[in-house]
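**Q** Sharing a structure here in structure tokens format.
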Amino acid sequence: MFGWKKKLNDLSDVMAQLRPDLSPESLGVGPGFPGVAPNPLLSSDARKRNAELRAGALALGVLVDWREVNSNPRVVLMFDVETADGISFRGIADEDLTITELTRLAPGQTLPVRYRPGVMDHYVALARDADPARVQRLSDEIASRRRT
């Protein structure tokens, strides 16, 4: 209750010391961009955000880079996201991947992601449940907008 903002700042400082490769500066983004999301198993805010993302709007993300956070393997994925409405933004996903999924990651790969249109806080989630036909329609729509 007392000094919780200071504790959050201290946590950010500790995280910057432990994993400087996950700081906004090293990822090449501004200070408002999240580095590592709070652990969804421990943080109620993270659980709430992840639940909202799983029901979010579908978009396409081009994988820019990824970093392994721990050996689960929990990874932070950075995407250039483009929505059906023509909005583009840099997004970050905090995901638990299998070893097989991890070995298939490659920069430039396009993956379906979900985002929260009302929030637009850079957080996205992999849309593993997305209908392939719907993803193809979205891809065609984005490609046709680029051609015009």
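No value in this document is a laboratory result; all are computed from the given coordinates. Keep in mind that what you see is a predicted model, and the values were worked out from it rather than measured.
**Q** Apply the Karplus parameterisation 6.51 cos²θ - 1.76 cosθ + 1.60, with θ equal to phi minus 60°, to every residue of the stretch 86-101 and state each ³J(HN,Hα) to the nearest whole Hz, in sequence, with x for glycine and proline.
**A** x, 7, 10, 7, 8, x, 10, 10, 10, 10, 9, 10, 7, 4, 4, 5
**Q** Here's another thing I want to ask about it. Would you kindly calculate the mean projected area, averaged across all directions, of the convex hull enclosing the Cα atoms of the stretch 41-148, in square nanometres?
**A** That works out to 7.0 nm².
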